[in-house]
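Okay, structure first, notes after.
The values are calculated or read from the model by the stated rules, or taken from the named source; none is laboratory data. Small disclaimer: the values here were computed from a predicted structure and weren't measured. Please note: Cβ atoms are built from the backbone with ideal geometry, for glycine as well, and neighbour counts cover all protein chains shown. Only protein heavy atoms, including side chains, enter the accessible area calculation; ligands, DNA and RNA are left aside. Shrake-Rupley method; radii C 1.70, N 1.55, O 1.52, S 1.80 Å.
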Protein chains: 6
Amino acid sequence: MFDLMRTAVIRKEHFNAAHRLYNPDWSDKKNDRVFGKCNNPNFHGHNYELLVKLIGHPDPETGYVYDMKQLSDVIREEIITAFDHRNLNRDVPEFQQLNPTAENIAMVIWQKLRKRIDLQYELKITLYETERNIVEYPGE
Amino acid sequence: MFDLMRTAVIRKEHFNAAHRLYNPDWSDKKNDRVFGKCNNPNFHGHNYELLVKLIGHPDPETGYVYDMKQLSDVIREEIITAFDHRNLNRDVPEFQQLNPTAENIAMVIWQKLRKRIDLQYELKITLYETERNIVEYPGE
Amino acid sequence: MFDLMRTAVIRKEHFNAAHRLYNPDWSDKKNDRVFGKCNNPNFHGHNYELLVKLIGHPDPETGYVYDMKQLSDVIREEIITAFDHRNLNRDVPEFQQLNPTAENIAMVIWQKLRKRIDLQYELKITLYETERNIVEYPGE
Amino acid sequence: MFDLMRTAVIRKEHFNAAHRLYNPDWSDKKNDRVFGKCNNPNFHGHNYELLVKLIGHPDPETGYVYDMKQLSDVIREEIITAFDHRNLNRDVPEFQQLNPTAENIAMVIWQKLRKRIDLQYELKITLYETERNIVEYPGE
Amino acid sequence: MFDLMRTAVIRKEHFNAAHRLYNPDWSDKKNDRVFGKCNNPNFHGHNYELLVKLIGHPDPETGYVYDMKQLSDVIREEIITAFDHRNLNRDVPEFQQLNPTAENIAMVIWQKLRKRIDLQYELKITLYETERNIVEYPGE
Amino acid sequence: MFDLMRTAVIRKEHFNAAHRLYNPDWSDKKNDRVFGKCNNPNFHGHNYELLVKLIGHPDPETGYVYDMKQLSDVIREEIITAFDHRNLNRDVPEFQQLNPTAENIAMVIWQKLRKRIDLQYELKITLYETERNIVEYPGE
């Protein structure tokens with residue numbers, strides 16, 4: 001009756017944050033040349049849209065790969081509470097030494113969620129920094 | 001002149017349906033604990049957005065992988081006619097014994113379309129239950 | 001410094017519900033002719049998107065017309081709790097005698113919110129039943 | 001041949017900015033109570049979507065109410081250059097003394113554009129701070 | 001029981017068409033200066049999104065302002081059949097002498113629908129030429 | 001500190017174009033039967049949405065897989081300048097002998113961009129012809 005084919009579930013959440021892109025080992029001039037207006041020392045910000053994908057087998061008793069309410073709760077506890085209405089450079093420990101590009105934010109989100117999601121599930125992250133700039137972090 | 005690279009075409013359709021999530025082998029209490037408000041015995045409902053992806057080689061004479069008008073017709077005949085403005089639990093035979101979670105709905109859609117789509121095409125299903133809850137069923 | 005021009009703030013929320021359209025004073029035949037597949041006695045459902053607009057003067061001390069967090073809370077208490085994951089016909093008292101068309105749902109939402117929103121604010125409701133069927137209830 | 005009915009044209013643009021909401025005349029405690037997480041002293045940010053509406057009569061020779069390329073250029077010169085990738089509180093003179101709520105940002109945008117748009121056109125501003133928080137500033 | 005407040009219903013439809021903007025009374029040079037790349041004599045095209053709004057009183061027996069299925073049928077008969085997959089300049093009689101700007105297309109749509117929609121309803125047209133260029137034609 | 005996991009960046013751009021689908025080796029009758037209203041000899045058109053995905057390793061010094069501003073510039077130079085506000089059949093050399101189906105447009109875009117994007121990056125194209133008709137060209 002139940003097909004044991006691997007299936008993906010995706011939960012979409014969002015957070016609003018400020019950030020600045022720069023490399024502290026570089027001169028102001030080089031930071032300006034490479035990061036342009038994203039290097040504004042007073043910060044700018046985004047509405048980030050986050051898609052968290054888990055791939056696994058549906059449970060024959062529930063028909064769920066993963067309870068989406070639980071997935072939403074895990075994302076809220078690990079990511080939204082830590083990132084929403086924050087300055088990523090100043091308020092989030094992971095970006096004290098790491099440039100908060102969309103690529104790196106997606107990687108940090110993956111690392112934080114990987115600890116909470118059972119390893120029977122593949123975990124993949126998609127992050128919209130804007131409607132036109134998107135990153136996919138596929139993890140292992 | 002024509003590149004024979006495998007290419008995907010995706011057609012988006014939608015249907016509106018009522019459903020209830022529960023496992024008839026469980027107590028009311030356990031159904032409530034696991035399925036929460038989705039277990040309302042009077043049903044609730046969704047606008048489902050369905051993406052059907054076919055992967056194959058473009059026909060050198062048409063430049064089409066698949067005629068999207070034909071694909072839309074097949075989806076309408078197999079899925080929309082059967083699911084749209086229906087109660088999935090009561091009106092759709094496939095869910096008489098199968099919990100109509102998004103995971104299971106996507107699987108049933110895949111099985112119904114697989115019979116109609118030539119096996120030279122890979123078939124993959126994405127189903128949006130809401131804007132924030134999404135399932136991908138990749139088939140074989 | 002502050003302009004006292006009337007300004008609108010709009011909060012978007014959503015709920016998922018089942019419903020059936022019919023007039024109990026009519027024959028089945030007439031209900032079928034008028035309401036078509038929306039008259040399925042087993043119900044169908046939608047993801048409703050709700051926009052609540054308040055028009056008033058910004059407070060010079062806050063720069064807010066209305067605190068959007070408070071507006072979201074009022075909508076949640078009055079509407080989402082009552083309508084989300086419900087069968088509008090069976091579970092919601094206002095639709096025991098009133099056909100739950102999008103027009104009537106918007107009117108009921110307006111009436112429920114009007115009691116909670118100070119009369120210094122104009123109140124207007126927009127309701128998306130689907131992406132393609134939309135209703136605006138302007139109130140008084 | 002041409003109908004001289006008043007018609008609206010709307011141009012959509014966007015900018016990404018950081019901001020903080022607070023009233024410098026208030027205690028930290030009161031700012032926290034009123035503005036909550038929007039009062040983060042390290043700032044947070046948004047992708048703002050801006051709709052600029054001009055209402056006027058189509059020119060019988062062009063069929064245009066207003067050249068949308070020109071409207072886009074005016075918005076870019078007056079708003080995008082000044083606000084995009086900026087910290088509204090620190091980098092934008094208009095918000096040195098004015099709390100950058102969505103209401104006030106919309107009012108400032110209206111005031112800046114009003115100087116550039118001929119008075120034969122009504123001017124109205126809609127600003128999306130997030131997909132769920134929207135402001136309309138109708139001007140005079 | 002039923003509130004007789006005026007309420008709006010909106011139906012969204014779409015069509016895909018080619019067009020070219022120019023004034024036959026002008027030199028090529030002037031057409032190029034005014035209409036730029038929209039003046040390509042080989043045409044370009046758009047996916048137009050059309051919103052048709054009717055304002056009236058809900059019928060106490062149905063709860064409908066207007067049957068959305070009927071409204072969709074009228075739009076299809078009058079507009080979609082005539083405009084979809086057409087070259088507006090060459091295939092649509094109304095644009096033989098009228099420049100197919102979004103403003104003029106919205107006016108023509110209004111005129112064609114006004115003949116089919118009972119005068120007890122106000123009729124208003126919104127037309128998206130692109131996601132960023134929008135026109136509203138309010139009619140009388 | 002930096003994870004060298006392969007990561008994808010996606011840039012979204014758009015262009016508006018006219019086209020006609022037909023095979024010059026076929027009779028009018030056969031073209032009509034196969035391509036239907038897409039075979040209008042006067043052309044029709046679309047707002048194409050283009051997603052360009054590059055897969056590679058983030059640079060440890062910038063945190064970028066690829067500078068999105070540079071990617072946008074490359075897409076503009078190679079694709080937007082050549083396709084936007086054009087008639088694909090008449091104005092674009094690649095479609096003189098090639099039917100401009102979405103499948104073929106995506107392939108041509110891939111070929112044009114492949115020459116400009118360093119081979120260390122995988123390149124994948126997604127093209128929306130309409131909101132409901134989508135093509136993915138995965139390249140090699």
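Inside 10 Å of the C-beta atoms of B:48-56, what's the mean count of C-beta atoms belonging to other chains?
Numbers: counts 2, 2, 0, 2, 0, 2, 0, 2, 1.
Per residue, the average neighbour count from other chains is 1.
Taking F:64, F:22, F:121 in turn, the Gaussian network model of chain F (Cα-Cα springs below 10 Å) assigns the largest fluctuation to F:64. Report summary: the helix-based calculation at 222 nm, which adds -39500 (n - 2.57) for every DSSP H run with n ≥ 4 and divides by the residues of the protein assembly as shown, gives -6500 deg cm²/dmol. Placing +1 on the Cβ of every Lys and Arg and -1 on the Cβ of every Asp and Glu, with no other charges, gives segment E:7-137 a dipole of roughly 460 debye about its Cα centre. Tell me the trypsin sites (Lys or Arg not before Pro) within segment D:66-126 that lie in a loop according to DSSP and have at most 10 other beta-carbon atoms within 10 Å. Counting only loop positions with at most 10 other Cβ atoms within 10 Å, the trypsin sites (Lys or Arg not before Pro) in segment D:66-126 are D:115. Residue E:27 exposes around 60 Å² of accessible area when a 1.4 Å probe is run over every protein chain in place.
Per-residue Cβ counts within 10 Å, from other chains only, averaged over E:61-72: what number is that?
5
A Förster distance of 25 Å, applied to the separation of the beta-carbon atoms of residue D:26 and residue C:77, puts the FRET efficiency at 0.35.
How many lysine pairs does segment A:7-137 hold where the Cα atoms are under 13 Å apart and the two sit 8 or more places apart or on different chains? Summing the qualifying lysine pairs gives 6. Seen from every direction in turn and averaged, the convex hull around the alpha carbons of chain D projects onto 9.3 nm². Backbone geometry of segment D:122-135 corresponds, through the Karplus equation with coefficients 6.51, -1.76 and 1.60 at θ = phi - 60°, to 3J(HN,Hα) couplings of 5, 10, 9, 10, 10, 10, 8, 7, 9, 4, 10, 10, 10, 10 Hz, x marking Gly and Pro. Placing a label point 7 Å from Cα along the Cα-to-Cβ direction at residue C:93 gives distances to the equivalent points in the other copies of 4.4, 5.1, 5.9, 5.9, 7.5 nm, listed shortest first. Chains B and F together bury roughly 2000 Å² of accessible surface, counting both sides and using a 1.4 Å probe on protein heavy atoms. For chain D, a Gaussian network of Cα nodes joined below 10 Å ranks D:80, D:117, D:105 by mean-square fluctuation, and the top entry is D:117. The value of relative contact order for segment E:57-118, using C-alpha pairs under 8 Å at least six residues apart, is 26 percent.
For chain F, with a Gaussian network of springs between Cα atoms less than 10 Å apart, report the residue from F:98, F:21, F:119 with the top mean-square fluctuation. Comparing F:98, F:21, F:119 in the GNM, the peak value goes to F:119. For the pair residue A:116 and residue D:120, label points projected 7 Å from Cα toward Cβ lie 5.8 nm apart. Annotation for residue E:27, label-to-label distances across the other copies: 5.0, 5.1, 7.4, 7.4, 9.0 nm (shortest first, one decimal, point 7 Å from Cα along Cα→Cβ). Remark: mean inter-chain Cβ contacts per residue of D:31-41 equal 3, using a 10 Å Cβ-Cβ cutoff to other protein chain atoms. Annotation: amide H of residue C:122 within the under-5 Å range of C:55, sequence separation 5 or more or interchain, hydrogens built in the peptide plane. With contacts taken as Cα pairs under 8 Å and at least 6 residues apart, segment B:7-137 reaches a relative contact order of 31 percent. Among chain A residues, the beta-carbon with the smallest distance to the axis carrying A onto E is reported, with distance in whole Å, as A:131, 5. For residue E:41, place a label point 7 Å from Cα along the Cα-to-Cβ direction in every copy; what are the distances to the other copies, in nm, shortest first? Result for residue E:41, in nm, nearest copy first: 2.0, 5.7, 6.8, 6.8, 7.5. When the GluC sites (Glu not before Pro) in segment D:41-81 are filtered for DSSP coil states and for at most 13 other beta-carbon atoms within 10 Å of their beta-carbon, the remaining sites are D:61.
Run the Debye formula on the Cα coordinates of the protein assembly as shown, all scatterers equal and no solvent, and tell me log10 I(q)/I(0) at q = 0.04, 0.06, 0.08, 0.10 1/Å. Once normalised to I(0) and log-transformed, intensities are -0.17, -0.40, -0.76, -1.31.
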